[in-house]
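Engineer: Can you read through this structure? Questions will come right after.
The values are calculated or read from the model by the stated rules, or taken from the named source; none is laboratory data. All values derive from a computational prediction rather than experimental measurement. Methodologically, a virtual Cβ is constructed for each residue, glycine included, from the backbone with ideal geometry; neighbour enumeration extends over all protein chains shown.
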Amino acid sequence: MEEIAFFFGALFALGGAIAVVAVKNPFYSVLALVVHLVFLAGLFLLLMAQFLAAALIVVYAGAVMVLYVFVAAYVGGIEEPKWDASPELRVIGPILAVALFIAISIAVLGSGLAALGTPGPEDVPSGFGTPEAVGLLMMEDFLIAFEAASLLLLIAAVAAIVLAGRRREDRKSATDDRKSATDDRKKLVKADEEINAAAAGKGEGAR
Amino acid sequence: MNIEWFIVLSALLFTVGLIGVLVRRNPVVILLCLELMLNAGALALLAFSRMLGNGDGQVFVLIVLVVAACEVVVGLGLIVAMYRRRLPLDVDEMKELKG
């Protein structure tokens, strides 16, 4: 049963990952990443990380992907032709990546860790992977890392506002545009009234 | 399920992400592929955490999620800034830091 769940999750997680790379439109890449994340969360459950599986779904598939969808829609779907890498990287990139995969596999499988061939110990502490256990660890053993993470989030939020916010000159030109637009509208209304008045005058003259 | 399967899957996901970072040219897709690589790292951390029956790896994964969120925010901010300045959204043409 566990094997079926693993291979099912692994198949879709890997398929989603390949789709992210292979699909032309960035919008579909984002959707493929959502599929990948959902099945990755399933794999996290197999590893007894219930809290992190839930966090992955809520934070990633929920919040971060919405941000991606917004930006992908904002900059527009720039379709690039398939396999249109820069000429230096088109061949050497995949070769490097596959070499890295082989190196990792040799390193892991050749490490001689006996525990790698087992599904992990059966006698894990009770509540392993629940929010309680992770929270306790975080507040007791890893408090500094937790505080550093919160500081990092704050800095990233400020950085995003600085990077993506409108510059002062942008804003000025925007208000200028708006002012000239209002002026134009006023002129139009005035011209309209003049025409109406002339038509009314003509009508009175005819009568 | 043996732990080594998870590690091999994690290596595969990392490889796919790396290929994406190397061959794609759209910065949005490159950010997505970086996410793939971070997720592969998180999967490996969780697998080792399960192997040792120790929760430390899970806290590590939570920190990885935080760092990934920060990276997304800054990266997407950069992409929006590039778009506003009408620069080409193509990493091959953005070779200089000064835009």
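Engineer: Residues in the stretch A:141-161: is at least one under 17 Å from residue B:65 (Cβ atoms) and among the charged types (D, E, K, R)?
Structural biologist: For the stretch A:141-161, residues under 17 Å from residue B:65 (Cβ atoms) and among the charged types (D, E, K, R): present.
Engineer: I'm checking my understanding of the structure. Among residues of the stretch A:15-25 that are assigned to a helix (DSSP H, G or I) and more than 8 Å from chain B (Cβ to nearest Cβ), which one is surrounded by the most Cβ atoms within 10 Å (Cβ to Cβ)?
Structural biologist: Applying the filter and picking the extreme gives A:16.
Engineer: Would you confirm, using the coordinates I've provided, whether residue B:45 is within 8 Å of chain A (Cβ to nearest Cβ), in contact (Cβ under 8 Å) with a residue 12 or more places away in the chain and closer than 24 Å to residue A:50 by Cα?
Structural biologist: It is false that residue B:45 is within 8 Å of chain A (Cβ to nearest Cβ), in contact (Cβ under 8 Å) with a residue 12 or more places away in the chain and closer than 24 Å to residue A:50 by Cα.
Engineer: Taking residue B:57 as the residue in question, decide whether it is closer than 20 Å to residue A:28 by Cα and among the small types (Gly, Ala, Ser).
Structural biologist: no
Engineer: For the subset of the stretch B:25-37 comprising residues that are more than 7 Å from every other protein chain (Cβ to nearest Cβ) and crowded, with 21+ Cβ neighbours inside 10 Å, which member is modelled with the lowest pLDDT?
Structural biologist: Selected residue: B:27.
Engineer: May I pose another question? Within 8 Å of chain A (Cβ to nearest Cβ), touching a helix residue (DSSP H, G or I) at 6+ places or on another chain (Cβ under 6 Å) and either in contact (Cβ under 8 Å) with a residue 24 or more places away in the chain or more than 27 Å from residue A:48 (Cα to Cα) (or both): does that describe residue B:22?
Structural biologist: Against the criterion (within 8 Å of chain A (Cβ to nearest Cβ), touching a helix residue (DSSP H, G or I) at 6+ places or on another chain (Cβ under 6 Å) and either in contact (Cβ under 8 Å) with a residue 24 or more places away in the chain or more than 27 Å from residue A:48 (Cα to Cα) (or both)), residue B:22 qualifies.
Engineer: From the list A:12, A:6, pick out the single residue that is in contact (Cβ under 8 Å) with a residue 24 or more places away in the chain, surrounded by fewer than 23 Cβ atoms within 10 Å (Cβ to Cβ), assigned to a helix (DSSP H, G or I) and at the interface with chain B (Cβ under 7 Å from one of its Cβ atoms).
Structural biologist: Just a single option satisfies the conditions, and that option is A:6.
Engineer: Which condition does residue B:31 not pass, out of (1) under 20 Å from the mean Cα position of the chain (by Cα); (2) free of Cβ contacts under 8 Å to residues at least 40 places away in the same chain, if it passes all the others?
Structural biologist: Of everything listed in (1) under 20 Å from the mean Cα position of the chain (by Cα); (2) free of Cβ contacts under 8 Å to residues at least 40 places away in the same chain, residue B:31 misses just condition (2).
Engineer: Restricting the search to the stretch A:146-161, which residues are of a type outside the set (Ser, Thr, Tyr) and more than 18 Å from residue B:77 (Cα to Cα)? Even if it seems obvious, please write down each step before you answer.
Structural biologist: Applying the first criterion (of a type outside the set (Ser, Thr, Tyr)) to the stretch A:146-161 yields A:146-149, A:151-161.
Once the filter is applied, which keeps residues that are of a type outside the set (Ser, Thr, Tyr) and more than 18 Å from residue B:77 (Cα to Cα), the stretch A:146-161 yields A:146, A:147, A:148, A:149, A:151.
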